[in-house]
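Taken together, the values in this text are just the output of simple stated rules run on the coordinates, not laboratory data. Bear in mind that the values here come from a model prediction, so they are computed numbers and not experimental data. Cβ placement follows ideal geometry from the backbone for every residue including glycine, while neighbour counts extend to all protein chains displayed.
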Ligand code: NG1
Ligand code: ZN
């Protein structure tokens with residue numbers, strides 16, 4: 001009752017704005033920053049409860065990723081460093097929308113009872129806090145802190161301005177009982193990068209590679225990359241749109257989302273960069289795409305998207321496994337996870353390479369969960385969010401093998417492969433997709449293969465595609481199945497889509513309700529851009 005009193009008092013300082021209903025979507029709560037403080041305060045409470053429940057450290061990140069600078073958002077990292085468990089999402093919605101403090105306290109006490117959460121003990125809960133560079137982040141972080149500390153015994157630990165993946169990484173390592181400061185993160189990625197560089201075949205080392213130019217979206221990723229690059233040898237990175245004063249506005253005409261959707265150069269890039277290897281991060285550095293600028297006056301680029309980053313990673317991992325399988329006869333289960341938005345040419349290519357490919361619905365939580373089923377699971381969304389997961393049992397097999405080989409066949413091809421896989425598991429962020437570790441892995445693999453960005457891009461040719469969105473009154477009226485590739489409801493709609501698709505060579509199209517906006521998304525692919533545009537448009541007409 002002491003607890004209820006404190007909650008009531010604190011909550012009355014954060015009244016909810018009238019007439020706003022908000023929901024914990026694929027990426028947490030997101031909205032215009034001016035209406036978010038009550039939501040963030042309440043998510044602070046939720047994070048503390050989650051920490052009490054799991055008896056682990058929880059993360060709370062203030063960011064709106066690639067959205068415009070005036071937006072902000074909040075999401076929670078679970079003990080593993082992954083997304084908040086889906087089971088708690090409905091409770092998050094209830095909390096955020098509770099009309100007044102009395103209601104809020106009632107909800108909390110009912111939920112605590114149901115989940116067997118008791119409010120005792122000093123420092124029985126801890127939440128790590130992070131935020132991106134948005135100006136609204138400072139006061140929202142304070143709201144989160146107030147929410148956390150209104151739960152008796154809960155500790156709020158500010159980790160400063162971070163990329164989203166850094167915060168997830170910290171939560172993961174803290175819960176493993178390891179040191180998890182930002183400096184530990186930097187050390188781990190630069191050490192494992194150095195190892196991977198050392199394991200490059202000798203004949204490749206001679207080939208010098210030109211510098212990489214990175215668009216930092218004027219956000220936190222650019223700032224952190226400036227730190228990382230100083231610790232690297234053998235790789236020169238030039239950061240533009242790094243978030244320094246006067247360079248430009250966060251996500252405005254820059255960043256991975258802009259580059260992937262518009263297929264033109266971000267601000268700060270142009271014809272002087274023709275042919276050079278360029279990359280683009282999003283506003284909180286959990287997405288990464290590559291590109292090179294095409295010759296011509298219209299600033300067009302050749303995009304190397306998440307699907308191609310996935311393909312590059314898959315080829316490299318597979319190459320290591322072939323070396324291992326050959327000598328050990330040990331079968332390692334490698335799985336590739338994509339969504340229906342993956343370019344059809346990428347899926348065909350991966351299958352042709354003999355890889356096992358599965359589709360899941362859109363949303364990192366689905367991809368991550370699926371990838372987790374394999375010894376090694378690689379997942380990516382076309383928009384550039386993805387990572388590689390190693391199962392605990394496979395990692396311990398690798399460790400054992402590494403020791404055995406050190407005494408029996410030091411310096412063998414097989415030992416090198418084991419070491420490479422171990423280093424990849426250290427470099428890549430296994431909590432969530434991470435543009436900083438992603439960029440380092442791409443760079444190592446390009447050196448390993450001796451490929452230019454053009455050669456990489458030629459692995460396969462993307463099918464022309466088009467995405468449209470249709471505003472609807474009720475997006476929940478559309479229900480899909482089969483990883484969102486087929487409409488179940490309304491009846492007859494799928495037949496109509498099939499009918500349109502049949503008119504095109506290489507045609508493919510699907511629709512689904514967005515998880516972040518009040519729209520139905522339409523996707524279409526065909527053998528030419530005109531046909532893809534046309535197919536998308538005619539399918540959209542059936543949705544209206
Ligand atoms: P929705 O609005 O559900 O399509 C979008 C992206 C997802 C993911 C989430 C979270 C597309 C087509 N959809 O989801 O991939 O990134 O936002 O940010 O890119
Ligand atoms: Zn992001």
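Tabulated values for the structure
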item	result
Principal axis box of the range 31-120, alpha-carbon based, largest edge first, Å	40, 33, 21
Bins of 5 Å, starting at 0 and running to the largest distance - Cα pair percent for the range 414-544	2, 9, 14, 14, 11, 10, 11, 12, 9, 5, 2, 0
Residues residue 2 and residue 238, FRET efficiency given R0 of 51 Å [Cβ-Cβ distance, rounded to 0.05]	0.35
Computed E for residue 541/residue 495 - FRET, C-beta separation, R0 22 angstrom, nearest 0.05	0.90
Binned Cα-Cα distance frequencies in the range 366-423 - 5 Å width, integer %	4, 19, 23, 17, 14, 11, 8, 4, 1
Antiparallel bridges, percent of DSSP beta bridges restricted to the chain (to nearest 5)	55
Enclosed volume per residue, in Å³, of the convex hull spanned by Cα atoms of the range 159-314	133
Efficiency of FRET from Cβ geometry, residue 461 and residue 486, R₀ 25 Å, rounded to 0.05	0.40
Rh by Kirkwood over Cα pairs, then Stokes-Einstein D for the range 432-485 at 0.890 mPa s and 25 °C, µm²/s	158
Cα-based equivalent ellipsoid, the range 255-295: semi-axes from gyration tensor eigenvalues, Å	18, 10, 8
Stokes-Einstein D for the range 326-473, Kirkwood Rh over Cα pairs, 4 °C, 1.567 mPa s (µm²/s)	75
Estimated [θ] at 222 nm from DSSP helical runs (n ≥ 4, -39500 (n - 2.57)) normalised by residues in the chain, nearest 500	-13000 deg cm²/dmol
In Å, descending, principal axis extents of the Cα set of the range 205-291	39, 26, 23
Sorted by Cβ neighbour density within 10 Å, fewest at the top, the residues 10, 278	10, 278
Scaled radius of gyration (Cα, divided by 2.2 N^0.38 Å) that the range 339-379 gives	1.15
Length gained when the stretch residue 408-residue 85 is fully extended (0.36 nm per residue, less Cα-Cα span)	111.9 nm
Span from the the range 384-424 Cα centroid across to the the range 142-192 one, whole angstrom	28
The range 89-201: radius of gyration over Cα atoms, expressed as a fraction of 2.2 N^0.38 Å	1.40
Chain lengthening between residue 32 and residue 502 when straightened (0.36 nm per residue, less Cα-Cα)	165.0 nm
At 1.306 mPa s and 10 °C, Stokes diffusion of the chain via Kirkwood alpha-carbon radius, µm² per second	65
Unit Cα scatterers, Debye sum, the range 254-403: log10 I(q)/I(0) for q = 0.12, 0.15, 0.16, 0.17 Å⁻¹	-0.57, -0.81, -0.88, -0.96
Gyration tensor over alpha-carbon atoms, the range 269-328, equivalent ellipsoid semi-axes in Å	33, 14, 8
Cα→Cβ-extended label distance, 7 Å offset, between residue 352 and residue 528, nm	2.2
Convex hull volume of the range 455-531 per residue (C-alpha atoms, cubic angstrom)	117
Separation of alpha-carbon centers, the range 440-461 and the range 1-73, rounded to whole Å	41
Equivalent ellipsoid semi-axes - Cα gyration tensor, the range 72-155, angstrom	21, 16, 15
